[in-house]
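Since the structure comes first, as structure tokens, the remarks are kept for the end.
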Amino acid sequence: MKAQKTTVYLDEADYRRIKRIATESGRSPASLVREAVSEFAKRHGRRRRPKSLGIGRSGMPDLGERADELLTGFGRK
């Protein structure tokens, strides 16, 4: 993992809580902050669209409207 250094200013009470949690869990405060930022970014980041989305075009602009008509008898011998 290539890390990018940044500075974050925290509320004093939040920093004390993070330090306490870090001490109790045997981790550094910085690792807790990195984990929290990573989880936030995953939850709120843009989701990629599947590459296959929109790949097939029928050329029939009314296909969705005519689906029942076009599928009549489908699956029957």
Between Lys42, Lys19, Lys51, which gets the highest mean-square fluctuation from a Gaussian network model of the chain, Cα cutoff 10 Å? Lys51
Among Leu32, Leu53, Leu63: highest mean-square fluctuation, GNM of the chain, C-alpha pairs under 10 Å: Leu63
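With runs of 4+ DSSP H residues as the only contributors, calculate the mean residue ellipticity of the chain at 222 nm using -39,500 (n - 2.57) per run, divided by the residue total and rounded to the nearest 500.
Taken over the chain, the calculation gives -14000 deg cm²/dmol.
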So, in nm, how far is label Ala13 from label Glu35 when the simple model puts each one 7 Å beyond its Cα toward the Cβ? 2.3
Dipole magnitude of the chain about its Cα centre, charges +1 at Lys/Arg Cβ and -1 at Asp/Glu Cβ only, in debye to the nearest 20? 440
Roughly what angle does helix 12-25 make with the longest principal axis of the chain, taking Cα atoms, 0 to 90 degrees, to the nearest 10? 90
Entry for semi-axes √(5λ) of the Cα gyration tensor in Å (calculated from the structure that is shown) out of (i) 44, 26, 19; (ii) 23, 18, 11; (iii) 55, 15, 12: (iii)
What's the local net charge at Phe40, with K and R +1, D and E -1, over the other residues with C-beta under 14 Å away? +2
For Asp68, solvent-accessible area (1.4 Å; no DNA, RNA or ligand), Å²: 130
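The values are calculated or read from the model by the stated rules, or taken from the named source; none is laboratory data. If you're wondering where the values come from, they're calculated on a predicted model, not measured in any experiment. For neighbour counting, all protein chains shown are included, and Cβ atoms are generated from backbone atoms with ideal geometry for every residue, glycine included. Accessible surface is based on the protein model in full, side chains and every heavy atom, while ligands, DNA and RNA are left aside. Shrake-Rupley method; radii C 1.70, N 1.55, O 1.52, S 1.80 Å.
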